[in-house]
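Undergrad: One structure is given below, represented as C-alpha cells, and several questions about it will come after.
The values are calculated or read from the model by the stated rules, or taken from the named source; none is laboratory data. All values reported here derive from a predicted model rather than from experimental measurement. Every residue, glycine among them, receives a Cβ derived from its backbone with ideal geometry; neighbour counts consider all protein chains shown. All accessible areas refer to the heavy atoms of the entire protein, side chains included, with ligands and DNA or RNA removed. Shrake-Rupley method; radii C 1.70, N 1.55, O 1.52, S 1.80 Å.
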Amino acid sequence: MFRAVSLFSGCGGFCEGVRLAGFSVEAAVEMDRFAAVTYRHNFPEVPLFEGDVHHFLKPESAEWQEERHRFEAVERGNIDMLFGGPPCQGYSQIGTRLLDDPRNELYGEYVRVLKELRPKVFLMENVPNMLLLAKGRFKRAALAAFAEAGYTNSGVVVVTASDYGVPQLRKRAIFFGVRDEEDLGMEAGAFLQAALEVQKQPEYTVRQAIRDIPEETAVHYEPRPYPRSRANSPVLDEMRIDRDGRWYSSEYKKTAAGGSVALHNHHTKEIQQRRKELISLLAPGAKADSLPKEIWDGARPEKWRRLHPDKPAYTILAQMHRDMSEWVHPKFQRWITVREAARLQSFHDGFVFQTSEWQMLKQIGNAVPPLMARALAAAAQQALTQLNSRDASKLSFAVPVQQMLALSST
C-alpha cells in the first residue's frame with residue numbers, strides 16, 4: 001500500500017478520496033480547530049497535527065517537539081505522495097486577489113515539506129484563478145519552486161469535478177510532479193491528463209444526487225430517519241449508506257457512520273417568510289434577474305439563485321456559511337441542507353460533519369470533492385506503480401496512456 005501525507009487537510013475531502021483510492025494516509029495537518037473536529041471524527045486512524053503548517057516537521061519548533069512522537073512513520077524515504085490544497089481565498093475570483101495576501105505564499109510551506117519528505121510524487125490543488133493572477137506569476141513561482149525542490153518534471157492541469165462522478169461544475173488547478181531521480185517517461189502534466197481520461201465518469205445532476213432527501217429538515221442537529229428510495233441513480237448508489245456504489249461500499253459507509261443508518265446533518269439555516277416568498281418565484285435554474293422588478297433591486301443576479309434539478313450544481317462555496325441565497329433547493333422553498341451540500345460535493349452519507357452549522361457549511365465549501373480526489377489519487381497511484389515497475393511496458397496502463405497522448409496530438 002502506498003503511503004501519503006496530507007497538508008491543509010480541512011475536514012478531509014481530499015483525504016477521503018486518497019484513502020478511497022487505496023493509499024494509507026500517514027499524517028494530516030490542519031490549523032482550523034473546527035475542521036479538525038470533523039477530521040478526527042471521520043479519520044480516527046490518521047495522526048492529525050492540529051496547528052500551523054509552519055511548525056510541521058520543524059525540529060526547532062516547540063509545537064513539533066511536543067507532537068513528533070505521534071508521527072514516527074513520517075520520515076524521508078517512507079512517504080510515496082504528498083498532497084493538499086493551500087488555502088485558495090487569496091487567489092479566488094470572489095476574494096481580495098491581493099498579491100501580498102499571505103495565503104498566496106502558503107504554497108511555500110507545501111514546498112518546504114516536499115523537500116523534507118522527498119516523496120516520489122505530489123499533488124497540489126488550487127483554484128484555476130491561481131494560474132492567471134498577476135499574469136501567471138504564482139504559476140511560474142510554484143513550478144520554479146517545485147523544480148528547485150527536486151521536482152523538475154512538474155505540470156498543472158485544470159480539471160472539472162463533474163467529470164469524475166461529482167454532481168457539481170467545480171473547476172480546480174491540479175499541480176502534479178515527480179521526483180527528479182524517477183523516470184516517468186513523459187511530462188508529468190501530460191501523464192496526469194492522460195491518466196485522468198480513463199477515470200472519467202458520466203455527468204450527474206442535482207436531482208440524481210439529492211432526490212431522496214425529504215423536504216422536512218432536522219429541528220436542531222438531530223439525525224433524521226433514513227429515507228427510503230428505489231430511484232435508479234449511480235450517484236445515489238455512492239451516497240446512500242444502504243447501497244453499494246462503484247467506489248463506496250455499503251460496509252465502508254456504515255463503518256464510517258459508526259454502524260448506524262440515519263440521515264445526519266439534514267439541517268439548514270432558518271429562512272424568513274419574506275425570503276421564502278421571494279424564492280418561491282424562482283424557477284429551477286433561475287437567478288434574481290428573473291424576478292419581478294418590484295422585488296429585485298437590480299443588484300447582482302446571483303444573490304438569489306435556485307439550483308437546476310437536471311444539471312450539475314454550480315460551485316459549492318465556503319461563503320454558504322454566511323449567506324445561502326445562492327443555493328436554493330431546486331424544488332422546495334428552502335435553502336439546501338448541510339447534507340445536501342455534502343452530497344453535491346460527493347461526500348457519502350456516512351461522512352458526518354461536526355461542530356456548528358456555520359462551520360459545517362464552511363468546511364464543505366472549502367473541501368476537495370472526495371470523488372474528484374479519488375480520481376486524482378488513482379492517477380498518482382498509476383504513476384507510482386509505473387515508477388516502481390522494472391518493466392513498465394508490461395503494465396496495462398502504459399499502452400492506453402501512449403494511445404491517448406497520440407490521439408490528443410492529432
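Undergrad: Which of TRP296, TRP327, TRP358 moves most in a GNM of the chain, Cα contacts under 10 Å?
TA: TRP296
Undergrad: Among all the aspartates and glutamates, which ones have a C-alpha under 16 Å from LYS311's C-alpha, if same-chain residues fewer than 8 places away are not counted?
TA: Once the sequence-local aspartates and glutamates are set aside, what remains near LYS311 is ASP163, GLU203, GLU326, GLU340.
Undergrad: Could you order the peptides 348-356, 240-248 from most to least packed, using the average number of other C-beta atoms within 10 Å per residue?
TA: My ranking of the peptides, most packed first, is 348-356, 240-248.
Undergrad: Let's test the formula: R0 of 45 Å, r as the Cβ-Cβ distance of ASP242 and ILE295. What FRET efficiency results, to the nearest 0.05?
TA: After rounding to 0.05, the efficiency reads 0.60.
Undergrad: Count neighbours as other Cβ atoms within 10 Å of each site's Cβ, and list the trypsin sites (Lys or Arg not before Pro) in segment 128-234 that are DSSP loop with at most 15 such neighbours.
TA: Those that pass, being in a loop and sparsely packed, are LYS200, ARG228, ARG230.
Undergrad: Normalised radius of gyration for segment 284-345, please: alpha carbon Rg relative to 2.2 N^0.38 Å, two decimal places.
TA: Cα Rg divided by the expected 2.2 N^0.38 Å: 1.10.
Undergrad: For Cα extents along the principal axes in Å, several values are listed as [x] 63, 50, 49; [y] 64, 56, 46; [z] 75, 65, 50; flag the one computed from this structure.
TA: Identified label for the calculated read-out: [y].
Undergrad: Ignoring ligands, DNA and RNA, what accessible area per residue does the chain give at 1.4 Å, in Å²?
TA: It amounts to 43 Å² per residue over the chain.
Undergrad: Further question: So how much slack lies between ARG228 and GLU270, counting 0.36 nm per residue of separation and subtracting their Cα-Cα distance, in nm?
TA: Contour length minus Cα-Cα distance gives 12.6 nm.
Undergrad: Quick test of the membrane-span-like rule: which DSSP H helices of the chain reach at least 24 Å along their long axis (C-alpha atoms) with mean Kyte hydropathy at least -0.5?
TA: 370-388
Undergrad: In the structure shown, do any of LYS171/LYS253; LYS120/LYS254; LYS139/LYS254; LYS135/LYS287; LYS171/LYS362; LYS254/LYS362 have a Cα-Cα gap over 30 Å, and if so which?
TA: On the way: LYS171/LYS253 27 Å; LYS120/LYS254 34 Å; LYS139/LYS254 41 Å; LYS135/LYS287 32 Å; LYS171/LYS362 18 Å; LYS254/LYS362 25 Å.
Distance filter (> 30 Å) returns LYS120/LYS254; LYS139/LYS254; LYS135/LYS287.
Undergrad: Multiply the residue gap between GLU60 and LEU132 by 0.36 nm, knock off their C-alpha separation, and tell me the result in nm, one decimal place.
TA: That pair, GLU60 and LEU132, stretches by 22.3 nm at full extension.
Undergrad: Full-extension gain between VAL261 and LEU281, please, as 0.36 nm times their residue separation minus the C-alpha to C-alpha distance.
TA: Stretched out fully, the VAL261 to LEU281 stretch lengthens by 3.6 nm.
Undergrad: Using a Debye calculation, one point per C-alpha and no hydration shell, please list log10 I(q)/I(0) for segment 1-68 at q = 0.13, 0.16, 0.17 Å⁻¹ in order.
TA: -0.34, -0.50, -0.56
Undergrad: Follow-up. Scanning the chain for GluC sites (Glu not before Pro) in DSSP loops with at most 13 other Cβ atoms within 10 Å, what's the longest stretch left with none? It would help to have the intermediate numbers written out before the result.
TA: Working: sites that count: GLU45, GLU60, GLU72, GLU75, GLU181, GLU215, GLU216, GLU270, GLU294.
Between exposed loop sites, the widest span is 295-410.
Undergrad: What does the charge count near LYS120 come to, summing +1 for each Lys or Arg and -1 for each Asp or Glu among other residues with Cβ under 9 Å from its Cβ?
TA: Around LYS120, the surrounding residues sum to -1.
Undergrad: On a straight-distance basis, which lysines could pair with LYS58 in a cross-link, Cα separation under 20 angstrom, same-chain partners fewer than 8 positions away excluded?
TA: LYS115
Undergrad: Residues of segment 13-32 with amide nitrogen under 20 Å from the 7 Å Cα-to-Cβ point of ASN78?
TA: Hits in segment 13-32 for ASN78 at 20 Å: 19, 23-30.
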